[in-house]
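To start, the structure itself, in structure tokens.
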Amino acid sequence: QVQLVESGGGLVQAGGSLRLSCAASARTFSSYVMGWFRQAPGKEREFVAAINRSGSSTYYPNSVKGRFTISRDNAKNTVHLQMDSLKPEDTAVYYCAAGDFTAILRSPAQYEYWGQGTQVTVSS
């Protein structure tokens, strides 16, 4: 069982930055692929970023590539999402997720564990 707790959301102006954090309870945190997803009102949950178990490989969709950076610290059981050059369309609830697989996967249905989410609002 893995418990995930996100933090760091808030209100920011367009062009600003936020850093989200996710603390995990798992004893074997390093055995999980970690992902970030977001969901805006009336929309489906969307893949934002993922990082492999060692932290050596990351993946982003085109919508955030070059603006968002995912990182992890296996010694501290944490994963972060640095978000720069934020746009109003980035407004959503952001979720941290963990999956017990070896490859980076982008479908939310494949991730087993989820945090409660943290709200990010970008004003224009």
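The values are calculated or read from the model by the stated rules, or taken from the named source; none is laboratory data. Please read all numbers here as calculations on a predicted model, not as lab measurements. Glycine also receives a Cβ, built like all others from the backbone with ideal geometry; neighbour counts cover every protein chain displayed. Calculation scope for accessible area: heavy atoms of the full protein, side chains included, ligands and nucleic acids excluded. Shrake-Rupley method; radii C 1.70, N 1.55, O 1.52, S 1.80 Å.
Selection of the stretch 75-88 for residues being in contact (Cβ under 8 Å) with a residue 60 or more places away in the chain and either part of a strand (DSSP E or B) or surrounded by 19 or more Cβ atoms within 10 Å (Cβ to Cβ) (or both) yields His80, Leu81, Gln82, Met83, Leu86.
Of all strands (runs of 3 or more DSSP E) completely enclosed by the stretch 1-73, which ones contain at least 1 residues that are touching a residue at least 12 places away in the same chain (Cβ under 8 Å) and within 11 Å of the chain's Cα centre (by Cα)?
Values: elements: 4-7, 10-13, 18-24, 33-39, 46-51, 68-73.
Those strands (runs of 3 or more DSSP E) span 4-7, 18-24, 33-39, 46-51, 68-73.
Evaluation of Val5 against the conditions (1) in contact with a Phe, Trp or Tyr (Cβ under 6 Å, 6 or more places away or on another chain); (2) over 12 Å from Asp90 (Cβ atoms); (3) β-branched (Val, Ile, Thr) shows that the sole unmet condition is (1). Examine the stretch 21-44 for a residue that is basic (Lys, Arg), within 18 Å of Gly9 (Cα to Cα) and open to solvent by 20 Å² or more (accessible area, probe 1.4 Å), and state whether such a residue exists. No.
Do you know which residues across the stretch 106-124 are open to solvent by 50 Å² or more (accessible area, probe 1.4 Å) and either within 27 Å of Ser31 (Cα to Cα) or among the aromatic types (Phe, Trp, Tyr) (or both)? Residues satisfying the conditions are Arg106, Ala109, Gln110, Glu112, Trp114, Gln116. Filtered by the rule that a residue be out of contact with any Ser or Thr (no Cβ under 6 Å at 6 or more places or on another chain), farther than 17 Å from Ala23 by Cβ and in a loop (DSSP other than H, G, I, E, B), the stretch 89-111 gives Asp100, Phe101, Thr102, Ala103, Ile104, Leu105, Arg106, Ser107.
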